[in-house]
Amino acid sequence: MAVLSHQPSALQVCGLRTEPTAAIFPLWRRLAGSLLLVLATGLALPCLAQTATAAKEPSRSLTEWLTRMHEASRQRAYQGTLVVSAGAHTSASRIWHVCDGVQQMERVETLTGAPRTTIRRDSDVITFAPDSKTAWVEKRESLGLFPELLRTASNAIPEHYDVRELGVDRVAGHLADRIEVVPRDGLRFGYRIWAEQKTGLVIKMQTLGAQGALLEQVAFSELQLNAPVRMEALKRQMGDTRGYEVLKLTMEKTTAEAEGWQLKEAIPGFASMGCHTKSPPLGGAEPASLQWVFSDGLASVSLFVEAFDPQRHGPEKSAVVGATHSFSQRLDGHWVTALGEVPTATLRRFVQSLERIR
Amino acid sequence: MLLCALLDGELSEAELSDWFSREHDLSDAAVHGQTHQVIGDVLRGQASLAGGTSARVFLAGVHARLHFEVRAEVGPQEVILQARSIEVLPVRALAANGAVFRWKLVAGVASLAAVMAVSWTVLGTTPAGAGPGASAPQLALSPLSPQDTTSTSATTPFVVNTRQGVLIRDAELEALVAKHRHYGGVSALQMPAGFLRNATFDADVR
């Protein structure tokens, strides 16, 4: 034993390589050390990065970010080109936006697909279709809900979404803060938002599915802030319906209970925002008689209920376009379609939770 | 004088052809040309009498370039032969410790460890999804969660792009989408992004 224990040190001193046990043992020891070092480095770096990310507190809360984005559009005039892309499908429009401190006006002129010009003054919206010489006039009350809703105690958005600040990017020639709105559960999608650094104006937004998959993107390809947009000119264009057939889109407000419907089980985070019936057709068909709207503050879901028609309806089906998903299922003598910017699983829960109470 | 006219761009084509057909002492012509250039610079107040590239140097450069290009056109085989001869040469000289087996062993194991460490890191961070790694493109990942798997088979896109434009596979669903965007767009992101998105997107769907 004494001889064996003496041999390695003697050979090391001599620098000989003829004895394998003597030469390889320290080599393996060094090798194991290197291996551990590499593995430790590989594992430690992401851990450190995650710790750093987790430890970095956002400079603004989610509510503050959303309020800032809202205020930006209420206090700025701008014009630009907006591109909406979902998969292989891309739409684009030219935007003019102006405000006078009291009113906001906006003109959206499509550059792709059918020519349409939409002009909005606060919640009042008119859409011109030059090809059919038709103009739809409507009032969208949902446009006035925010940001007042953000300031109330009923604002539950932070309970279901978290916010992360991801640094600064350059979008359409402007420096923008990049933030990520991360859902706290699998019932809703996430959002990645680029807000112009000085004003907070949203210049790019992505809707993200599971695993961060990109479902839809809305982005300005070109944006001019403080553009010379004249409100008087937009007002004049909005009121000029000469040569157009004007259709007024109205909806009859009701309640789900009054129509004989309720949810057996509430879907976490989603609150009822309104219910209406007998709205005129928008797409040429009139398949639904009831629309019940839910929202968690960022995502919205519409539940459509109509009489079951074996000629038109069959087994359950689901569909998707961009971030908008739909799920349809027969419920006794009715055909129920849930539709919104949420995962199909959430829509399925809505449909399966709906029940007839009379 | 003809040379001056040539430099000033005032020589007609016929006069130019006549001038080239005659024999000239090019060195004299070059001297005359340089003199003309210097006089012009002085008159324009841009004199750089000693500076600039002399006409001789410039001409020498042109000749050298012409000579090179002519050689390149005439001798492609020579170039190929040169390339082949280069291929014969060893690409890299052997490392000083190349003959020592244990260094090869060390290099192999270290490479394996590095690959394992990187793979471990990548596999460990990908499931985070919404983390920093999520900003990278993930084209191969399904957008549906495991809960959605049951409905994946029935999920179909109902907007298709064709040469004639966008076609809707399901007109009733199209109407519902339009209604949802008009009356159901209740979101803090609706203003301004949501409204603009709907107004832009609806035109194609409607």
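The values are calculated or read from the model by the stated rules, or taken from the named source; none is laboratory data. In this text the structure is predicted, and so the values were computed from the model without any measurement. Cβ sites come from the backbone with ideal geometry, for glycine too, and all protein chains shown count toward neighbours.
Points worth noting:
- If you filter segment A:46-64 down to residues that are more than 10 Å from every other protein chain (Cβ to nearest Cβ) and at pLDDT 85 or above, you find that the one that is farthest from A:A233 (Cα to Cα) is A:S59.
- The residue of segment A:294-309 that is nearest to A:A256 (Cα to Cα), among those that are over 13 Å from the mean Cα position of the chain (by Cα) and not in a strand (DSSP E or B), is A:F308.
- Residues of segment A:192-216 that are over 21 Å from A:S59 (Cβ atoms) and either among the basic types (K, R) or not in a strand (DSSP E or B) (or both): A:G209, A:A210, A:Q211, A:G212, A:A213.
- Within the set A:H70, A:H97, the sole residue that is in the same structural domain as A:L234 (by TED's automatic domain parsing), under 26 Å from the mean Cα position of the chain (by Cα) and at pLDDT 90 or above turns out to be A:H97.
- Here the condition is being under 20 Å from the mean Cα position of the chain (by Cα), outside the structural domain of A:V137 (by TED's automatic domain parsing) and modelled with pLDDT under 95; of A:T324, A:T346, A:T255, A:T277, it holds for A:T324 alone.
- Just one of the numbered conditions (1) surrounded by fewer than 24 Cβ atoms within 10 Å (Cβ to Cβ); (2) in contact (Cβ under 8 Å) with a residue 60 or more places away in the chain is not true of A:H276: (2).
- Between A:L187, A:L234, A:L223, the distinction of being in contact (Cβ under 8 Å) with a residue 24 or more places away in the chain and out of contact with any strand residue (DSSP E or B) (no Cβ under 7 Å at 6 or more places or on another chain) belongs to A:L187 only.
- Flag for A:G101 being without any contact (Cβ under 8 Å) to a residue 40 or more places away in the chain and more than 9 Å from every other protein chain (Cβ to nearest Cβ): yes
- Within segment A:168-191, considering residues that are in a loop (DSSP other than H, G, I, E, B) and basic (K, R), the one farthest from A:R348 (Cα to Cα): A:R184
- Taking (1) closer than 22 Å to A:Q217 by Cβ; (2) in contact (Cβ under 8 Å) with a residue 60 or more places away in the chain in turn, A:R349 satisfies each apart from (1).
- Members of segment A:313-334 found to be assigned to a strand (DSSP E or B) and facing chain B (nearest Cβ under 10 Å), listed by number: A:K317, A:S318, A:A319, A:V320, A:V321, A:T324, A:H325, A:S326, A:F327, A:S328
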